[in-house]
Amino acid sequence: MKTSGTGKLAEMLGRSKHTVVLTGAGMSVESGIPDFRSPSGWWRNIDPLTVATIEALETNYELFHQFYTARIKGLDSCLPHEGHHILATWEERGLVQRVATQNVDGLHLRAGTRHIDELHGSIHTFRCHHCQSIATKEQFLNKTSCNTCQSNFIRPNVVLFGETLPQEAWTNALHHIQQAQLVVVIGTSLQVYPVSQLPSMTRGQTVYLNKEVSGNHREFDFVIEGSAKEMLKEVNKVILAN
Ligand code: NAD
Ligand code: ZN
């Protein structure tokens, strides 16, 4: 594992003609959205990995509904942070060609990133779990049944554990990662399949930027240990100074 400063990442970004940024929950922590695996304690001490499942949706809808209602309401007061905005300006300046994210919070889009694949869907749109008809946020929050099939299983358009990823987002992300000269992975523990496989599918260079770095990250060409916002600000300073 090689660890060095943010100057090197700035240099790599400058040299690469095709860069993909892959983000996870750690990217949004500094916007006030907790990740799943850091031991900061989550909602009612319930492990989200057991609620964000098809099984919970189908057999314990009450708990599923409470969990997603808490997540949706928690997002009301959250804004993209400087790191999200920096990634959007890098896209504008041609330094980043694609962002692929596991986050469902929509913060990259709010910050202005346009070329994005939301690999785990979005918590801002809704559908009926039975007939797939589009539903509204109000229908979900108020537990109103589906307009088409009357089912009570209205859900956010997030990918639950046990479900396949949205085909188009996956195909696009994979295509860009295969073309990439540089893949920068930010704020993900890389424990969720199949996104965990993406960094190994490029022929380009790979960088891992995370708050905690372990021996598991030896396969990356370069590792930066630090918080997403602060590290992106530092890299951006170097870019702006050149
Ligand atoms: P994860 O919780 O497994 O891992 C987050 C990683 O980010 C950890 O390695 C942690 O050390 C690191 N981290 C924490 N704070 C950081 C910071 N400030 N800067 C940089 N790194 C930081 O999350 P994951 O790998 O994205 O996978 C979890 C699953 O949960 C995904 O499926 C994702 O869709 C979902 N999730 C999404 C959100 C969101 O939309 N914001 C939030 C929680 C979980
Ligand atoms: Zn329906």
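Please give every one of the lysines within straight-line cross-link reach of Lys143, meaning a C-alpha to C-alpha distance under 28 Å, and leave out same-chain neighbours fewer than 8 residues apart.
Lys73
Determine the calculated [θ] at 222 nm for the chain from helices alone, applying -39500 (n - 2.57) to every DSSP H run no shorter than 4 residues and normalising by the residue count; nearest 500 deg cm²/dmol.
Numbers: 9 runs with 83 residues, N = 242.
Rounded to the nearest 500, it is -10000 deg cm²/dmol.
Using a Gaussian network model on the chain with a 10 Å cutoff between Cα atoms, which of Thr101, Thr171, Thr148 fluctuates the most?
Thr148
As a test of the definition: which semi-axes, in Å, follow for the chain when you take the square root of five times each eigenvalue of its alpha carbon gyration tensor? Largest first, please. Mind dumping the intermediate values first?
Numbers: eigenvalues 221, 63, 56 Å².
Equivalent ellipsoid semi-axes, largest first: 33, 18, 17 Å.
Report the far tail of the P(r) of the range 25-103, meaning the percent of Cα-Cα pairs longer than 16 Å.
I get 61 percent for the Cα pairs in the range 25-103 exceeding 16 Å.
What is the mean projected area of the alpha carbon convex hull for the range 97-146, to one decimal in square nanometres? Numbers along the way, then the final one.
Numbers: hull surface 16.2 nm².
Mean shadow area of the hull around the Cα atoms is 4.1 nm².
Through the Karplus equation 6.51 cos²θ - 1.76 cosθ + 1.60, θ set to phi - 60°, convert the phi angles of the range 199-205 into ³J(HN,Hα) values in whole Hz; use x for Gly and Pro.
The phi angles translate into x, 8, 9, 9, 9, x, 7 Hz.
On alpha-carbon atoms, Rg over Rh for the range 85-217 using Kirkwood Rh?
Working: Rg = 17.0 Å, Rh = 16.5 Å.
Over the Cα atoms of the range 85-217, Rg/Rh equals 1.03.
Explain nothing, just the number: relative contact order of the chain, from Cα pairs under 8 Å at least 6 residues apart, as a whole percent. List each step's numbers first, then the result.
Details: 432 pairs, mean separation 65.0, N = 242.
Across the chain, relative contact order equals 27 percent.
Taking only the alpha carbons of the range 1-138, what extent do you get along each of the three principal axes, in Å, biggest first?
Computed over the Cα atoms, the extents are 51, 35, 27 Å.
Every number in this text was worked out from the coordinates using simple rules, so none of it is lab data. This is a predicted model, so every value here is computed, not measured.
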